[in-house]
Structure formats: structure tokens, C-alpha cells
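The values are calculated or read from the model by the stated rules, or taken from the named source; none is laboratory data. Small disclaimer: the values here were computed from a predicted structure and weren't measured. No Cβ is skipped: glycine too gets one built from the backbone with ideal geometry, and neighbour counts run over all protein chains shown.
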Amino acid sequence: MNLPKAILLLAAASMIFSCAPSRAVLESPQVTPQGKLAGRAEFGLPIPTSVLGSLSNNYDAVKNSAVKSVSGDSLYISDSSYVKNASEYIIAMATDPLMPTMEMGLSYGIFNRFEIDYHWLVTGHALGARFQILNGDLKAALGAFYSWQDYELPSIIGDIQSNLGFTFKRSDITIPLMFGSKSGNPEGFRTEWGLGLQYQLSKISYGFDGSAANYVETWTSVSGDSTVQKTMAAVPVRSTYGQSFGGQANFRVGYKFVNFVMGLGVYYQNYGTFKLIDNRSISPSGVTYLPKIALEFRNF
């Protein structure tokens, strides 16, 4: 990959604002104690292999959208591969975007060994709860989260979304299990480590509303005496289901009421089966690497 190509792909990816699914990379093995409150601002950069492959394979479609304005409401691109490549690319980018993420979370200990959680995902929300299943030197917490959000590409490559009439919504159920231990003075310097597993079930609703139906693919037959025309078909909004599973590790270092947190999650993802506007179907899958950092505040 040459330098201008790499720069364009990086710019296109980095200007997407957070719409990735919530993942419990930085959850503590200890739940928030009863009557106490904790808040966290976290930042991450998912690195999904499926999107990296799609960016490389469908580079021309991304480039055309990033550097060329399409006139009017109808899609007209002379390269007949545009629609095919662009629809594959936008599915990959929607299911697990390669982009910086930001997430704000609050947790409150409502009962002994039981907390409730709210996360703001910029383009969506998540609600959840966690229960302390081990509370000795080795701690363990089991949680469940439900999140929902819409999806929209930024202007630098948003022509793909508007031209194809692409809509996308998702909801996720996430089950994290964290083990770990802590040391130090709760009112002074302290450290904590966590290791865990995670399972996620995703419902993805998507469609192509027919904006690309005005696009006509034409070519001359082998004999050269006729032209064949094929119109791309709209895909009404439909749902597919995907799953992911993997593990995460994190480390906290803090003083009094403030913690710095860093972590890494690695997940295998099967995103489900998607129908495209040229009547093909694809089933993207791959591994996602998710490094994260956070600043955490708590009154315990």
C-alpha cells in the first residue's frame, strides 16, 4: 500500500465518530459498593481485521466517495464496480468501525454486591448491572448489558451512505465475567488487575432504500451487437444476528478517588449474513483488537 493511499484510508477511518458497540474491556472485578458511585471516561481504538481487509479490497469506492462529489440525488458512477465495492465496505464499517471511540459510564451500588450501570456511547446508550460472585482475595463479577445505537458515516465518506440509501441500527446484549485482585491502601496509592471473558449477541437492522436503484450497470455482450442492462435492487430493512466472544485484561493504578485504567480486549466476531443491492450476500467475520484507556473517579 503506497503512502497517499494509506493516508487517505487513515483519514477516512479516523474522521468517523464513535459508533462502535460497547464492550466491557475496562470493567473492574469489584462491583461498586452499596451506596457508592463511580464514573469513567474511556477512549479506545478498535482494530477489526474485517474492516482492514474491506478498506484494502474496496479502496477505489472509498476514494471516489472521499475525493469526488456526486451530483444530484441519483447515484451515477462510471465504474460499475463502485456499487458492489461500496456496499461491501459500508457493511464492514457499520458492523465494527475502525475509528476512535469515546464512552462515558456511571455505576451505582444499589444493593450489597450489586451495581447498576449506565453508559453514554455518543451515538447510543447502554444499561446494565453487575453482581459480585467472589469477594475474597480473588474477586469476580458477572454482568449483563443492553445497548442500542444508530449509525451514520461522516461527510468525508458519507456519500457512500447517502448514495446507497443505507440505514443501520444495532442492539447488543453483552455478558462480561471479570476476575482479579487489588492491593494497596484504599485511601492512598493502590493497584488492581483484572482478567475476563466476554460474550456478545448483536441484532443488526439494515437496509438499502433504493437510492441506488437509479444506477444502471451496462456492458456490451461478447458478440458486440447488444447491450445488457441490470438495475440494482433495493434491500428493505431487515435484521440479522451476529455473535462475538473473547477475552480482556486491564490494570488500574490510582490514588485516593482517581484511577488511571488501561486494557486490551481481543474478540472473534461473526457479524451475520447481509444481502447487498446487487443481490449478493456476504457474511463478514474476523478478529477485533481493542486497546482502551480511561480516567475513573469514585467515592470509595
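So LEU134 fits all but one of (1) in a strand (DSSP E or B); (2) exposed (fewer than 14 other Cβ atoms within 10 Å of the Cβ); what number is the exception?
(2)
Out of (1) under 20 Å from THR101 (Cβ atoms); (2) modelled with pLDDT of 95 or more, what's the single condition that is false for GLY286?
(2)
Looking at (1) modelled with pLDDT of 60 or more; (2) of a type in the set (Phe, Trp, Tyr); (3) surrounded by fewer than 22 Cβ atoms within 10 Å (Cβ to Cβ), find the lone condition where TYR82 falls short.
(3)
If you take the residues in the stretch 256-279 that are at pLDDT below 95 and farther than 22 Å from PRO97 by Cβ, which one is farthest from the chain's Cα centre (by Cα)?
The residue in question is LYS256.
Restricting to the stretch 181-211, what's the tally of residues that are surrounded by fewer than 14 Cβ atoms within 10 Å (Cβ to Cβ) and not in a strand (DSSP E or B)?
Residues that pass the stated criteria total 4.
Show the residue pairs meeting these rules: Cβ distance below 6 Å; 6+ apart or different chains; first residue within the stretch 271-300 and closer than 26 Å to GLU42 by Cβ; second residue surrounded by 14 or more Cβ atoms within 10 Å (Cβ to Cβ) and among the charged types (D, E, K, R).
From the stretch 271-300, the pairs are THR288/ASP96; LYS292/GLU42; ALA294/ARG40; ALA294/GLU42; GLU296/ARG40; ASN299/LYS36; PHE300/LYS36.
Does the stretch 123-131 include one or more residues that are farther than 22 Å from VAL25 by Cα and not in a loop (DSSP other than H, G, I, E, B)? First the steps, then the outcome.
First, pick out the residues of the stretch 123-131 that are farther than 22 Å from VAL25 by Cα: none.
No - not one qualifying residue is present in the stretch 123-131.
Evaluate the stretch 277-300: report whether one residue or more is closer than 30 Å to GLY165 by Cβ, touching a Ser or Thr at 6+ places or on another chain (Cβ under 6 Å) and among the charged types (D, E, K, R).
Narrowing the stretch 277-300 to residues closer than 30 Å to GLY165 by Cβ: 277-286, 288.
From the residues that got through so far, the ones that are touching a Ser or Thr at 6+ places or on another chain (Cβ under 6 Å) too are 277, 281, 283-284, 286.
When the remaining residues are screened for being among the charged types (D, E, K, R), the result is none.
No, every residue in the stretch 277-300 fails to be closer than 30 Å to GLY165 by Cβ, touching a Ser or Thr at 6+ places or on another chain (Cβ under 6 Å) and among the charged types (D, E, K, R).
Listed here are the residues, each with its yes/no results for (1) modelled with pLDDT of 80 or more; (2) touching a Gly at 6+ places or on another chain (Cβ under 9 Å); (3) over 17 Å from THR123 (Cβ atoms).
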position	(1), (2), (3)
ASN2	no, no, yes
PRO21	no, yes, no
ALA24	yes, yes, yes
THR32	yes, yes, yes
ALA38	yes, yes, yes
GLU42	yes, yes, no
ILE47	yes, no, yes
ASN57	no, no, yes
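Taking the stated definitions as given, is GLU187 of a type in the set (Asp, Glu), at pLDDT 90 or above, over 20 Å from the mean Cα position of the chain (by Cα) and within 22 Å of PHE300 (Cα to Cα)?
No.
Of everything in the stretch 261-289, what is basic (Lys, Arg) and part of a loop (DSSP other than H, G, I, E, B)? Give them in sequence order.
Narrowing the stretch 261-289 to residues basic (Lys, Arg): 275, 280.
The answer is ARG280, and nothing else.
Can you tell me which residue in the stretch 85-99 is modelled with the highest pLDDT, limited to those that are within 14 Å of PRO284 (Cβ to Cβ) and not in a helix (DSSP H, G or I)?
Across the stretch 85-99, the extreme among qualifying residues is ASP96.
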